[in-house]
1. Could you check how many percent of all C-alpha pairs in the chain are farther apart than 33 Å?
2. How large is the Rg to Rh ratio of segment 125-237 when both quantities use alpha carbon positions and Rh follows Kirkwood?
3. Quote the relative contact order of segment 254-389 in percent (integer), defining contacts as alpha-carbon pairs under 8 Å separated by 6+ residues.
4. I'd like the distance between the alpha-carbon centres of segment 338-362 and segment 1-50, rounded to an integer number of Å.
5. Quick check: the angle from helix 108-119's long axis to the longest principal axis of the chain, C-alpha only, nearest 10 degrees?
6. Where does each of 306, 154, 341 land when they are ranked from fewest to most other beta-carbon atoms within 10 angstrom?
7. In a Gaussian network model over the chain where Cα atoms closer than 10 Å are linked, find which of 346, 164, 327 has the largest mean-square fluctuation.
8. For 205, 47, what's the fewest-to-most ordering of other Cβ within 10 Å of each Cβ?
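Read-outs: derived from the displayed coordinates by stated rules, not from any lab. Computed from a predicted structure; not experimentally measured. We place every Cβ from the backbone using ideal geometry, glycine too, and count neighbours over all the protein chains shown.
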Amino acid sequence: MDKNKQFREEVRQWLADNCPPSVCKKGAPVKSAFSLKHREGDSKTWLINMAAKGWIAPMWPVQYGGGGLNFFENKVLQQELKRINAPVAFAGMGLSMIGPTLLEFGTEEQKQRHLPKIASGEIHWCQGYSEPNAGSDLANLQTKAEDKGDHFLINGSKIWTSGAMHADWMFCLVRTDFDVQKQKGISFVLFPMTDPGVTRKPIRLISGESPFCQIFFDDVKAKKEDMVGKLNEGWTVGKRLLQYERSSIGGGSIGSRDVDITDSIIELAQQYRGDEDGQIEDPLLRNEVIQQEINSRAFSATTQRITAEAKSGKTMGFSTSMMKYYASEMTKKKSELMVSILGPNALGREEGEFSKQELAITRRWLFDKAFTIAGGCSEVQLDIIAKRILQLPSA
Ligand SMILES: Cc1cc2nc3c(=O)[nH]c(=O)nc-3n(C[C@H](O)[C@H](O)[C@H](O)COP(=O)(O)OP(=O)(O)OC[C@H]3O[C@@H](n4cnc5c(N)ncnc54)[C@H](O)[C@@H]3O)c2cc1C
């Protein structure tokens with residue numbers, strides 16, 4: 001038997017023995033974004049089993065809690081997970097952002113201390129980049145870190161910190177030199193959110209939810225051993241982490257968020273605007289739906305090709321801006337088209353006259369705009385593409 005076939009059979013058997021069937025049911029509350037201590041029942045068992053096998057981070061080295069799989073093995077694993085409709089066992093900024101960054105820039109000691117806790121789903125990370133006056137112009141950040149020998153003392157504030165309410169640790173960009181060109185005075189540090197100097201203030205949205213916080217730092221301590229990269233060279237580390245973030249947004253972390261929504265724009269158009277044979281009567285709408293479907297499939301094929309070409313599992317460089325820009329703008333357009341297909345049925349806010357799907361589509365339409373801002377807004381991505389990929393002169 002060839003090696004891939006044998007591996008597929010092993011994976012299939014392992015999943016049959018270790019994946020609780022209840023988590024594969026449509027609508028099962030698996031809570032992929034929650035760490036171990038916030039999980040219970042089969043959702044917790046699924047996380048524990050996957051972590052023990054190293055398949056929370058399948059391509060990370062085994063010594064850091066990963067599965068040590070190569071590109072082809074990981075592809076087989078993902079196909080088999082999809083085949084049984086298994087949900088993502090654990091997700092978050094640990095796996096998609098700080099983990100790969102530590103693999104690239106971390107010391108051996110940092111890798112050993114932090115990576116296994118990510119790969120086991122124990123620790124949830126948050127990102128301390130944006131500040132009230134540093135978003136698109138991130139290098140303008142003013143959160144100050146003073147050198148106190150074996151640690152830094154941090155004062156300032158971060159904003160729009162996703163998931164900070166439940167986060168255990170933060171990776172953070174701080175200013176360690178105010179007297180040089182702004183990119184040259186930044187360092188990249190890690191510290192626990194349990195530090196007594198950290199205050200988390202949830203930001204309440206119009207939807208009533210609070211997915212972000214503003215964070216205040218009053219003499220927060222970050223140990224020197226938790227500085228990633230060299231003093232005042234954190235901008236290089238921070239930019240690389242953004243490429244991991246953009247690659248994650250561009251590579252499919254958007255979508256499949258709401259179990260009440262059909263992901264197929266064709267099905268939705270047939271359901272709401274089709275005749276009894278499911279034909280979409282309006283030629284203009286038919287054209288828009290087909291164009292959206294073509295773009296979506298072409299983008300998915302491009303993403304798969306790029307991933308296959310990279311093989312190492314390492315993300316691309318500046319091209320991540322192209323993927324992030326296209327994915328977030330395409331997703332935004334898809335939601336707009338879904339809302340226009342629903343017509344007046346998209347006007348609901350509370351349950352009652354409107355179906356769960358209709359309410360969920362309206363919520364998704366509102367939220368999808370955020371992806372064109374998070375991880376750097378679309379205009380910033382266009383700037384990077386113009387400057388770094390097309391090599392056009394700066395204004
Ligand atoms: C859902 C979501 C989650 C987020 N999570 C986090 C997080 O976990 N951690 C974190 O640190 N941050 C987070 N952010 C913040 C995010 O990184 C910033 O919102 C983003 O970088 C834009 O910064 P800003 O909001 O200050 O907008 P600004 O920088 O003020 O920009 C506002 C608008 O000005 C325009 N603009 C800005 N620069 C240019 C330019 N060069 N050319 C043309 N037009 C321009 C654009 O239209 C832009 O949308 C999150 C944001 C969102 C929406």
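1. On the way: 28898 of 77815 pairs.
So the portion of pairs separated by more than 33 Å is 37 percent.
2. Values: Rg = 13.5 Å, Rh = 14.0 Å.
Using Cα coordinates only, the ratio equals 0.97.
3. Numbers: 108 pairs, mean separation 39.4, N = 136.
This gives 29 percent for segment 254-389.
4. 33
5. Taking Cα atoms only, the helix is inclined about 30 degrees.
6. 306, 341, 154
7. Of 346, 164, 327, the most mobile in the Gaussian network model is 346.
8. Values: 205 13, 47 25.
Fewest to most other Cβ atoms nearby, the residues stand as 205, 47.
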